[in-house]
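**Student:** Before I ask anything, let me first share the structure, which is written out below as structure tokens.
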Amino acid sequence: MNTKMTHHVARYCTAVVNLLLFTSFAVGISAIVFAQETKVGQASAQNLTSTQLQVARGCVYRDDNGNSVRDPGEASMPGVRVSNGQDIVTTDASGHYELNVDDDAIIFVIKPRNFMTPVNSQQLPRFFYIHKPGGSPANFKYPGVAPTGPLPESIDFGLIPQSEPDQFRALIFGDTQPRNVEEVEYMAHDVIEQIIAERAHGAALGITLGDIVFDDLSVMEPLNQAVALIGIPWYNVLGNHDMNYDATDDRHSDETFERIYGPSYYSFDYGPTHFLVVDDVTWLAAANGEPAHYVGGLGPKQLRFIKNDLAGIPQDQLVVLLMHIPLTDVRDRQELYRFIEQRPAAISLSAHTHYMEHRFIGSEDGWQGPRPHHHIVNVTVCGSWWGGRKDERGIPHATMSDGGPNGYSILSFDGSRYDLQFRAAGRPDDYQMNIYAPESVSTDRLSSTPVRVNVFAGCTNTHCQMRVGSTGQWIDMQRSTQPDPAFVNEKARDKAILLKNWRDLPETYSTPHIWQANLPEAIAAGTHTIEVRVTWPSNRESSSTRLVRITPTASGS
């Protein structure tokens, strides 16, 4: 166990319990079986079947000095929600709670607004306690949780007061996915240094949407060290490349993840926003001649937690669901739809595909809400898995299959409103699109010559216009699903090179965020600007310019 994982959320009664906290933070929780939310402070044992059923007890207190110790005068906190992964109870008037657990459980506090849990030296929130007396399976390639011993007499969570305004920002990373330390260094120089230089864009927190690493779970440690330098609390989602592949069932597939990051699904509030982290990667054991593999799925236990969690959230509060696999690829998504489709403010984000896309889920996918659900497939930090030619820094350009650069998103919140801004790695903040047009066009071909614009984070509600010259008339451009022309050309160049020191780019993806319009026919010969103006759904604007040379029509043509 890495000794850096020793910043704890709980203060317990004996030195033995403190030792247990030092040695363990994570465990699979999928064996817990229990009932719906019950009365304040106590959970029902109706559906628990484990022979090791026990009652976990503790309290939540106000940790005014942030030292993770309950000092004299630090008050209890009533009305705070605590969970064991399915049940959710609220602390009673004296700040106490009780939850039934078996011998494979994680107890965690659901962070309320204007309070923060402790973070460790890598800025990872410590909001949980793992109870796993027998530890994780001992034969795993990457270690899970060491045996935790008996259940502590009291599992207490200290919450640190902080101010959380209605307006705030969060940094959103899609797949960081380094295979090794060299690729952690790519990320550090390409993305982390940029964010540090820009003071984390003023963000209050960050989230990685899974595929934190690429199968080698030992790389999580150096990656966490790099991300921690951003200097804000960082939450993590489980991805299919973050799993223990030697697990024989889904219950044990995230042992290493939970040792390092905590439960694979949980929730918390920041400001007026409720964040719900979802584990939508299900590991299936080998069966009937088919090898072990993953699918998109939630499972009944997690769905029970989600139902209980949302039951405690006001109907008009913005809910942000965070997952790895896009929602439309999750097998049991219909039950999740039922939980959120009547809420006036709910969005979801995923990654996994290595392209950027906005999906508006409607009745064609079984959604029954009054308006389509906005699902954002986020840009990935690693782009095309750190593929493509290397630049002058020795870092692959990593262009995604939709022609967009690798990067991250800045998600701004204002009450129930939100705005997503794409940020390319190693580029200024106004780099939001690529404009494609010929280098030169003869005057007789103007009206049949298209201009294409790849608006990296564009969606159906994005308005795109172009004009030629500073006094030209603005022309509305039409959204079109097609491959990015520059990516097609780069892919062809790559294929023509037999010996190269970089990884191949992925196959081309036809993206829905390209806009197109033909040049106007009345342009004089000479060199002109093509200016493109994009208006985002939030009424924010972006622009870019490309030059084009117009030549006279050849005589006799």
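The values are calculated or read from the model by the stated rules, or taken from the named source; none is laboratory data. Just so it is clear, the model here is predicted, and its values are computed rather than measured. Cβ: placed from backbone, ideal geometry, glycine included. Neighbour counts: every protein chain shown.
**Student:** I'd like the full set of residues that are buried (at least 19 other Cβ atoms within 10 Å of the Cβ) and hydrophobic (A, V, I, L, M, F, W, C), limited to the stretch 189-203.
**Tutor:** Once the filter is applied, which keeps residues that are buried (at least 19 other Cβ atoms within 10 Å of the Cβ) and hydrophobic (A, V, I, L, M, F, W, C), the stretch 189-203 yields V191, I192, I195, A203.
**Student:** Output yes when any residue across the stretch 332-342 is touching a Leu at 6+ places or on another chain (Cβ under 9 Å), outside any helix (DSSP H, G or I), more than 23 Å from T462 (Cβ to Cβ) and of a type in the set (F, W, Y), and no when none is. Explain how you work it out, then say what you get.
**Tutor:** Within the stretch 332-342, the subset touching a Leu at 6+ places or on another chain (Cβ under 9 Å) is 332-333, 335-337, 339-340.
If we keep only those that are outside any helix (DSSP H, G or I) too, we end up with 332.
If we keep only those that are more than 23 Å from T462 (Cβ to Cβ) too, we end up with 332.
Add one more test, that the residue is of a type in the set (F, W, Y), and what stays is none.
No.
**Student:** Kindly provide the set of residues from the stretch 448-467 that are surrounded by fewer than 23 Cβ atoms within 10 Å (Cβ to Cβ) and in contact with a Leu (Cβ under 7 Å, 6 or more places away or on another chain), ordered by number.
**Tutor:** Across the stretch 448-467, the qualifying residues are T449, V451.
**Student:** OK, next. What do you reckon, is T328 in the same structural domain as F305 (by TED's automatic domain parsing), among the polar types (S, T, N, Q), assigned to a helix (DSSP H, G or I) and on the phi < 0 side of the Ramachandran plot?
**Tutor:** yes
**Student:** Report yes if some residue within the stretch 335-346 is within 19 Å of the chain's Cα centre (by Cα), within 22 Å of Y245 (Cα to Cα), assigned by TED's automatic domain parsing to the domain that holds L276 and of a type in the set (G, A, S); otherwise report no.
**Tutor:** no
**Student:** Can I ask one more? What are the pairs, 6+ residues apart or on separate chains, where a residue within the stretch 372-387 that is β-branched (V, I, T) has its Cβ under 6 Å from a residue that is assigned to a loop (DSSP other than H, G, I, E, B)?
**Tutor:** V377/P326; V377/T353; V379/M356; T380/D175; T380/A351; T380/H354; V381/T176
**Student:** Additional query: Any chance the stretch 420-434 includes a residue that's farther than 30 Å from L209 by Cα, touching a strand residue (DSSP E or B) at 6+ places or on another chain (Cβ under 9 Å), in contact (Cβ under 8 Å) with a residue 60 or more places away in the chain and crowded, with 18+ Cβ neighbours inside 10 Å?
**Tutor:** No, there is no match, as no residue in the stretch 420-434 is farther than 30 Å from L209 by Cα, touching a strand residue (DSSP E or B) at 6+ places or on another chain (Cβ under 9 Å), in contact (Cβ under 8 Å) with a residue 60 or more places away in the chain and crowded, with 18+ Cβ neighbours inside 10 Å.
**Student:** Still on this model: Restricting to the stretch 224-251, name every residue that is touching a Ser or Thr at 6+ places or on another chain (Cβ under 7 Å) and over 22 Å from R179 (Cβ atoms).
**Tutor:** Result: D250, R251.
**Student:** P150 fails exactly one of the following numbered conditions: (1) under 30 Å from D249 (Cα atoms); (2) surrounded by 19 or more Cβ atoms within 10 Å (Cβ to Cβ). What is the number of that condition?
**Tutor:** Condition not satisfied by P150: (2).
**Student:** Within the group D63, D87, which residue is buried (at least 20 other Cβ atoms within 10 Å of the Cβ), modelled with pLDDT of 95 or more and closer than 15 Å to N308 by Cβ?
**Tutor:** It is D87.
**Student:** Any idea which of (1) over 30 Å from the mean Cα position of the chain (by Cα); (2) surrounded by fewer than 24 Cβ atoms within 10 Å (Cβ to Cβ); (3) modelled with pLDDT of 50 or more; (4) not β-branched (V, I, T) is the one G79 doesn't satisfy?
**Tutor:** Against the list (1) over 30 Å from the mean Cα position of the chain (by Cα); (2) surrounded by fewer than 24 Cβ atoms within 10 Å (Cβ to Cβ); (3) modelled with pLDDT of 50 or more; (4) not β-branched (V, I, T), G79 comes up short only on (1).
**Student:** Report, by residue number, each residue of the stretch 90-106 that is touching a Ser or Thr at 6+ places or on another chain (Cβ under 7 Å) and either surrounded by fewer than 24 Cβ atoms within 10 Å (Cβ to Cβ) or of a type in the set (S, T, N, Q) (or both).
**Tutor:** Within the stretch 90-106, S94, G95, D102, D103 meet the criteria.
**Student:** In the stretch 388-405, which residue that is touching a strand residue (DSSP E or B) at 6+ places or on another chain (Cβ under 6 Å) and either among the basic types (K, R) or in contact (Cβ under 8 Å) with a residue 60 or more places away in the chain (or both) is surrounded by the fewest Cβ atoms within 10 Å (Cβ to Cβ)?
**Tutor:** By that ranking, first place goes to K390.
**Student:** Could you say which residue among D494, D444, D476 is surrounded by 16 or more Cβ atoms within 10 Å (Cβ to Cβ) and farther than 14 Å from N434 by Cα?
**Tutor:** Going through D494, D444, D476 in turn, just one is surrounded by 16 or more Cβ atoms within 10 Å (Cβ to Cβ) and farther than 14 Å from N434 by Cα: D494.
**Student:** Something else: In this structure, does R371 turn out to be surrounded by fewer than 20 Cβ atoms within 10 Å (Cβ to Cβ), under 15 Å from K500 (Cβ atoms) and of a type in the set (K, R)?
**Tutor:** Criteria not met by R371.
**Student:** Report the residue count in the stretch 140-169 for those that are in a loop (DSSP other than H, G, I, E, B) and either of a type outside the set (V, I, T) or within 30 Å of G271 (Cβ to Cβ) (or both). Working first, answer last.
**Tutor:** Step one: of the stretch 140-169, the residues in a loop (DSSP other than H, G, I, E, B) are 140-156, 162-166.
Then keep just the ones that are either of a type outside the set (V, I, T) or within 30 Å of G271 (Cβ to Cβ) (or both); that gives 140-144, 146-147, 149-156, 162-166.
Total satisfying the criteria: 20.
Per-residue answers, yes or no, for (1) in a loop (DSSP other than H, G, I, E, B); (2) outside the structural domain of V377 (by TED's automatic domain parsing); (3) touching a Cys at 6+ places or on another chain (Cβ under 8 Å); (4) not hydroxyl-bearing (S, T, Y):
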position: E490; (1), (2), (3), (4): no, yes, no, yes
position: A517; (1), (2), (3), (4): no, yes, no, yes
position: V534; (1), (2), (3), (4): no, yes, yes, yes
position: S543; (1), (2), (3), (4): no, yes, no, no
position: L547; (1), (2), (3), (4): no, yes, no, yes
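**Student:** State yes or no: is D103 in a loop (DSSP other than H, G, I, E, B), closer than 27 Å to F168 by Cα and either modelled with pLDDT under 95 or more than 30 Å from the chain's Cα centre (by Cα) (or both)?
**Tutor:** No.
**Student:** For the stretch 263-288, give me the residue count where each residue is within 22 Å of V330 (Cβ to Cβ), small (G, A, S) and touching a residue at least 40 places away in the same chain (Cβ under 8 Å).
**Tutor:** 2
**Student:** G297 passes all but one of (1) touching a Ser or Thr at 6+ places or on another chain (Cβ under 7 Å); (2) among the small types (G, A, S); (3) in contact (Cβ under 8 Å) with a residue 40 or more places away in the chain; which number fails?
**Tutor:** Of the numbered conditions (1) touching a Ser or Thr at 6+ places or on another chain (Cβ under 7 Å); (2) among the small types (G, A, S); (3) in contact (Cβ under 8 Å) with a residue 40 or more places away in the chain, the odd one out for G297 is (3).
**Student:** Also, I was wondering about something else. Just for the stretch 347-368: of the residues that are small (G, A, S) and within 17 Å of T176 (Cα to Cα), which one is surrounded by the most Cβ atoms within 10 Å (Cβ to Cβ)?
**Tutor:** My answer is A351.
**Student:** Give the number of residues within the stretch 244-259 that are within 19 Å of the chain's Cα centre (by Cα) and aromatic (F, W, Y).
**Tutor:** Selection size over the stretch 244-259: 1.
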